[in-house]
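The structure under discussion appears below in the form of structure tokens.
The values are calculated or read from the model by the stated rules, or taken from the named source; none is laboratory data. Note that this is a predicted model, so its numbers are computed, not measured. Counting neighbours? That spans all protein chains shown, and the Cβs are built from the backbone with ideal geometry, glycine included. Accessible surface is based on the protein model in full, side chains and every heavy atom, while ligands, DNA and RNA are left aside. Shrake-Rupley method; radii C 1.70, N 1.55, O 1.52, S 1.80 Å.
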Protein chains: 2
Amino acid sequence: MQDPAPPAVRGPGRARDAARTRAEIIEVATREFAEQGYTGARVDRIAERTRTTKRMIYYYFGGKEGLYVAVLEHAYAGIRQSERDLDLTGLRPIEAMRRLAELTYDHHVAHPEFIRLVSIENIHRAEHLASSETLRNLNMPVTDLIAGLLADGRADGTVRADADPLDVHMVISAYCVFAVANRHTFDALFGRDLLDPARRGHYRTLVGDLVVRYLTPTGP
Amino acid sequence: MQDPAPPAVRGPGRARDAARTRAEIIEVATREFAEQGYTGARVDRIAERTRTTKRMIYYYFGGKEGLYVAVLEHAYAGIRQSERDLDLTGLRPIEAMRRLAELTYDHHVAHPEFIRLVSIENIHRAEHLASSETLRNLNMPVTDLIAGLLADGRADGTVRADADPLDVHMVISAYCVFAVANRHTFDALFGRDLLDPARRGHYRTLVGDLVVRYLTPTGP
DNA sequence: TTACTAACGTACTAGTTCGTACATTAACGT
DNA sequence: ACGTTAATGTACGAACTAGTACGTTAGTAA
């Protein structure tokens, strides 16, 4: 953003910038794949919307599938980073968990494109995710974060002893992913838009409550 | 199943049975669309796997899109029916809710194909669902069931007063849909198969707990 | 029997879509 | 300057894919 923008032209004479071209292709492809699915996405359409040509997609990514994998890798790198940026300092474990659930909700709502990519990848049984070295080695910092909070909470008795970090993460993900991913069928069937801005607060609070109630130890 | 099976042949001379042909196309198409997505599905492939020809798909359904809508309608008619078959008699409201959550989990796990269709339809922003008269008029009996249970529970003080039926349904759906729909990416990223038979009981119990804890009124 | 029509089959086409062969140019080190 | 190569552009093709024109046959009613 801070570098002097090269002339936004195509054709002979345009300045060469591999990194920029590559990044632009990824950005446009992310939208196309998220909108249309893997099979529905069109290589020609992606090329059209770029300041370069289809030839470059094959030059940099080898083909449609390579481009799709690059898009996935880029997208996952994004959330992993935002998971690292989470700041829950100064909160007691149970309240940190509530906050984590609420922030996760906000993050998912703010990035529907990513959720769509995940849905699409699941339709394809995560075969691209599984075949990418980069993606296989991706660790998700949030699980360690949750594990730490649960351990602290168990130590001071504010969190039930039998709560599993990955289960808790699954519950949070399930709720947040569903609200975004299944928004359309839910709205069509029940007449309620899960992403209606007027209801955001309600649904944010709901997932927080859900998690806190699940984690709170039952009476003596 | 109980009628004498017509000869399983194709070509001139085969017995004619419109209903049977139609049903067979829907069945094969359901698999194809669920496996490949709408765009990835191939009309020719569906025809191949049927005892009839592609011509019949156009004869009965008008085209790929019409067939897809017919598949959706058939699939949704299925769950609506199984929602009607739910039997929760003899249980107190809160325990009936627990049971409902657990049965929903079992049902979703048993019908991954349907969950995939729903995911696919969401990728397409539920435009087919919204454009089908049949599907728009589809009522989902489970929401009334939940509303009744919550009302009963409120009456005898076993369910918190501010619980909304559709929210509760959303929470249950989110959990159950996620376990099936996002199974592959979750497994690839966290190394845990959410549908591992050895963990079914655990995850069934978890969603029951989640709902019960959410619905239980807080302290005195 | 015969006329009629719903049900079915074959062969083809127009358009699309991924991918590539081949040509060209800008940057960079020496 | 100049040669090398990374980066880019153009034009095209082979395969696929939804959809259709046209012909045929089985059941049925009179």
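Overview of values
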quantity: Chain B: most fluctuating residue of B:GLU113, B:GLU133, B:GLU102 per GNM, C-alpha cutoff 10 Å; calculated: B:GLU133
quantity: Gain on full stretching of the segment that runs from B:ALA19 to B:ALA161 - 0.36 nm per residue minus C-alpha separation; calculated: 46.2 nm
quantity: Cα-based helix-to-principal-axis angle, A:93-110 vs chain A, degrees rounded to 10; calculated: 30
quantity: Residue-count net charge about B:ASN122 - beta-carbon cut-off 12 Å; Lys, Arg +1, Asp, Glu -1; calculated: +1
quantity: Added length on full extension, which subtracts the Cα-Cα distance from 0.36 nm per residue, B:HIS202 to B:ALA110; calculated: 31.5 nm
quantity: Distance (nanometres) between label positions extended 7 Å along Cα→Cβ at B:HIS74 and A:GLU65; calculated: 3.1
quantity: The protein assembly as shown - accessible surface per residue (Å², probe 1.4 Å); calculated: 48
quantity: Estimated inter-spin distance, A:LYS54 and A:GLU127, nm [label 7 Å along Cα→Cβ]; calculated: 2.3
quantity: Residues in the stretch A:107-128 that, when all protein chains are in place, have 40 Å² or more less accessible area than the chain alone would give (probe 1.4 Å); calculated: A:ARG116, A:ASN122, A:ILE123, A:ARG125
quantity: GNM top mover of B:ILE115, B:ILE172, B:ILE123 - chain B, alpha-carbon springs below 10 Å; calculated: B:ILE123
quantity: Unit charges at the beta carbon, dipole of the stretch B:22-170: most positive-side option, B:HIS111, B:LEU150, B:THR53; calculated: B:THR53
quantity: Calculated FRET value between B:GLU95 and A:ASP44, using beta carbons and R₀ = 56 Å, to 0.05; calculated: 0.45
quantity: Extension gain, B:THR216 back to B:ASP87 (0.36 nm per residue minus Cα-Cα distance, nm); calculated: 44.2 nm
quantity: Max mean-square fluctuation residue, GNM over chain B, Cα-Cα springs under 10 Å, options B:THR205, B:THR39, B:THR21; calculated: B:THR39
quantity: Along each principal axis, Cα extent of the stretch B:77-215, largest first, Å; calculated: 43, 41, 26
quantity: For the protein assembly as shown, the fraction of alpha-carbon pairs in successive 10 Å shells from zero, as %; calculated: 4, 18, 27, 24, 16, 8, 3, 0
quantity: Residue-count net charge about B:LEU206 - beta-carbon cut-off 14 Å; Lys, Arg +1, Asp, Glu -1; calculated: +1
quantity: Nearest-20 debye value, the protein assembly as shown charge dipole, Cβ charges on Lys, Arg, Asp, Glu; calculated: 1420
quantity: Rounded to the nearest 20 debye, dipole of the stretch A:102-194 from Cβ charges on Lys, Arg, Asp, Glu; calculated: 240
quantity: Residue-count net charge about A:ALA163 - beta-carbon cut-off 11 Å; Lys, Arg +1, Asp, Glu -1; calculated: -2
quantity: Chain-alone versus full-assembly comparison, the stretch B:198-220, residues with accessible loss of at least 30 Å² (1.4 Å probe); calculated: B:LEU206, B:LEU210, B:ARG213, B:TYR214
quantity: Spatially proximal lysines relative to A:LYS64 (Cα-Cα < 24 Å; intrachain offsets below 8 disregarded); calculated: A:LYS54
quantity: Nearest-20 debye value, chain A charge dipole, Cβ charges on Lys, Arg, Asp, Glu; calculated: 780
